[in-house]
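First the structure, in the form of structure tokens, and then the observations on it.
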Amino acid sequence: MKIKKLSLCLFLCSLFLSGSVCFADEFLTTLLAGYFRNNLSLQKLATDVELELLSAKSTNISNGFNIQLSSGTVTFKSGSDSLLTFTPNATLTFSQFNNLSFTASSEIDITSESKTVSDTSLSLSLDIYSGSSAKRKVALLESERSVLEAQRALQNGFLSAEKEFYTSLKSLFNTAVSIVQAEEELYEDKISFEEIKAQGYSTGSTKYRSAQMEVLSDERTVENSRRELEREAKIFASKCGIEYNFSDAQDFLPKEIPLVDAIDVLDFSKDDYTEIESARWTKFINTLSREAEKAFTLTGNLGYTFDNEDTDTDTVDAGAAFTLFDSALTLNAGVSLPVATNVTSPVYTFGFSVDPSSFFQYSITQNQNKLYEEQEEIALKSAQNDYDTDVITQQSSLEDILWSKQTNTDSYEMYSQLEEDTAEYFARGIITESEWLSAKVNKENYRIQCLINDIELIIYNNETELLFCRDSELKIENLEE
């Protein structure tokens, strides 16, 4: 599957991350889809997955079958005895089999009179004891991990974007609440003002003027809150990629929020807690890397040379190389056995090198590795402590949201009945319009508070899911083309 298909799949999944099968408010669906579509962070995360997939392909190539062809250095001399000399060679390597490699090489001399081929050799080499296989495994695992983490980042990117969307929407509703609360205070002050007028206070009296100023101040507060909501709504609409064309900003707000089931933090495995999973992975891969660094390595080779210039005959060649403490001590030895019966003297080769500082460096590295292991254990324990804290935090948060939702729902039902009664009383002339409007804005206040609670539950679900790895959602077959 191409990355575009992966992004689309995760995008569609993200529309249902809140646990809702469908959105009751079509306008809300449009807003959320536009918010995702215009989110540059998601676009970058999608390209990050593409880059990691390409990087993984590169790693697989460099750690698999490899063939290398070379002409060697080509030397050309001009003149009467023109001479062309070069040493072509070919190497075939299988890194997955302890760096098994097959090499063929030859020296070719061409003059104007003849062509000479000498020192043609075939050789096979193998790591008898080394960390090459373990290092290859580490490289492949790290490559796979990079792809997985990029996919997780994209997956969480949609969750984070959804959380940001609803957090911004919650801010709009909070501003709407401030309008309603300001209106509530306005109507209460109007009721008081009407009582003062009914009591016969003159328009020039201090009490009359103070009450009048309170009403005027409340009206300015309501207007300022409305302007603030309109400004925030225009900004939010632009982030969602839609044109704002509402005369009243409150009409911009969705009338319904999808109802979702609360996610229990304990429904997730502790092992999938992001910090724990990451700490365990770090400890695992670092341990594997440290084990791959062997104290010594031993490599053997076996070959056949045609017309060996050292013996003037074909030879069977064998050799070995030994390295101790990361090149602190290097030994290599070889023997070439003549094939011709008239030549009985084999050719021996031997070499060594010593780097005293590498002995000390190796000792320091070993001590560092012990400290790294301790740090990795500490990081794991810290992650486990963070898990316990987050479980308590999320459980408390959920309890608060559900309690607030129930309280606001009860209040909304109470004020709905009160608004219905006061509307009838106002129609019959028993109460003033301000008294009816006061009940009406109280009802509106708790209606919005209930919607805010619904938003908070979605945000809570987002935050809970972001605490854990959810790789089962990434099990998409044929990820690569």
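Here each label is just a point 7 Å from Cα along the line to Cβ, and for Ser114 and Leu51 those points are 6.0 nm apart.
Simple point charges give the picture: +1 on the Cβ of Lys and Arg, -1 on the Cβ of Asp and Glu, and for the stretch 382-453 a dipole about the Cα centre of about 240 debye.
Once backbone amide H atoms are built at 1.01 Å from N, Gly131 has Lys294 as its partners under 5 Å, excluding neighbours fewer than 5 places away on the same chain. With Cα atoms defining each centre, the stretch 84-142 and the stretch 367-433 are spaced 67 Å apart in the structure. As an exercise, identify the GluC sites (Glu not before Pro) in the stretch 84-142 lying in DSSP coil whose Cβ has no more than 11 other Cβ atoms within 10 Å. Those satisfying the criteria are Glu113.
Full extension of the chain between Trp281 and Leu69 yields a length gain of 72.4 nm, computed as 0.36 nm times the residue separation minus the alpha carbon distance.
Counting only DSSP H runs of at least 4 residues, each contributing -39500 (n - 2.57), and dividing by the residue count of the chain, the helix-based mean residue ellipticity at 222 nm comes to -20500 deg cm²/dmol. Residue separation of Lys239 and Glu473 scaled by 0.36 nm, minus their Cα-Cα distance, works out to 81.5 nm of gained length. Phi-derived couplings, Karplus 6.51 cos²θ - 1.76 cosθ + 1.60 at θ = phi - 60°, listed residue by residue for the stretch 124-140: 10, 10, 8, 7, 6, 8, 6, x, 4, 5, 5, 5, 5, 4, 4, 4, 5 Hz, with x used for Gly and Pro.
A simple charge model with +1 on the Cβ of Lys and Arg, -1 on the Cβ of Asp and Glu and nothing else charged puts the dipole of the chain at about 900 debye relative to its Cα centre. Surface exposure of the chain, expressed per residue as accessible area with a 1.4 Å probe, stands at 57 Å².
Considering only Gln366, Ile392, Ser382, the residue lying farthest towards the positive end of the dipole of the stretch 323-479 is Gln366, judged by Cα position with unit charges set on Cβ. Working from label points 7 Å from Cα in the Cα-to-Cβ sense, the Leu288 to Phe359 distance is 3.5 nm. A cut-off of 5 Å between modelled amide H atoms, ignoring neighbours fewer than 5 places along the same chain, links Phe268 with no other residue. Each distinct pair of alpha carbons in the chain adds a 1/r term; the inverse of their mean, the Kirkwood radius, is 30.5 Å. Can you give the local net charge around Thr323? Use residues other than it whose beta-carbon is closer than 13 angstrom to its beta-carbon, Lys and Arg +1, Asp and Glu -1. It works out to a net charge of -3. In the chain, a dipole from Cβ-located charges (positive for Lys and Arg, negative for Asp and Glu) runs towards its positive end, and of Ala233, Asn286, Val335 it is Val335 whose Cα lies farthest in that direction.
Cα centroid separation, the stretch 40-72 to the stretch 144-160: 18 Å.
Computing Rg and the Kirkwood Rh from the Cα coordinates of the stretch 61-176 gives a ratio, Rg/Rh, of 1.46.
Coupling constants for the stretch 154-161 follow from the phi torsions by the Karplus curve (6.51 cos²θ - 1.76 cosθ + 1.60, θ = phi - 60°), and in residue order they are 5, 4, 6, x, 5, 4, 5, 5 Hz; glycine and proline get x. With K and R counted +1 and D and E -1, the other residues having a Cβ less than 10 Å from that of Ser106 yield a net charge of -3. When the listed pairs Lys163/Lys381; Lys163/Lys234; Lys57/Lys163; Lys137/Lys370; Lys239/Lys405 are checked against a 24 Å cut-off, the alpha-carbon distance exceeds it for Lys163/Lys381; Lys57/Lys163; Lys239/Lys405.
Within the stretch 113-268, the proportion of Cα pairs with more than 26 Å between them is 64 percent.
When only the Cβ of Lys, Arg, Asp and Glu is charged (+1, +1, -1, -1), the dipole of the stretch 162-312 relative to its Cα centre reaches about 920 debye.
Backbone amide hydrogens, once placed in the peptide plane, bring Asn308 within less than 5 Å of Thr313, Asp314, Thr315, excluding anything fewer than 5 places away on its chain.
The values are calculated or read from the model by the stated rules, or taken from the named source; none is laboratory data. All values derive from a computational prediction rather than experimental measurement. Cβ: placed from backbone, ideal geometry, glycine included. Neighbour counts: every protein chain shown. With ligands, DNA and RNA removed, areas are computed over all heavy atoms of the protein, side chains included. Shrake-Rupley method; radii C 1.70, N 1.55, O 1.52, S 1.80 Å.
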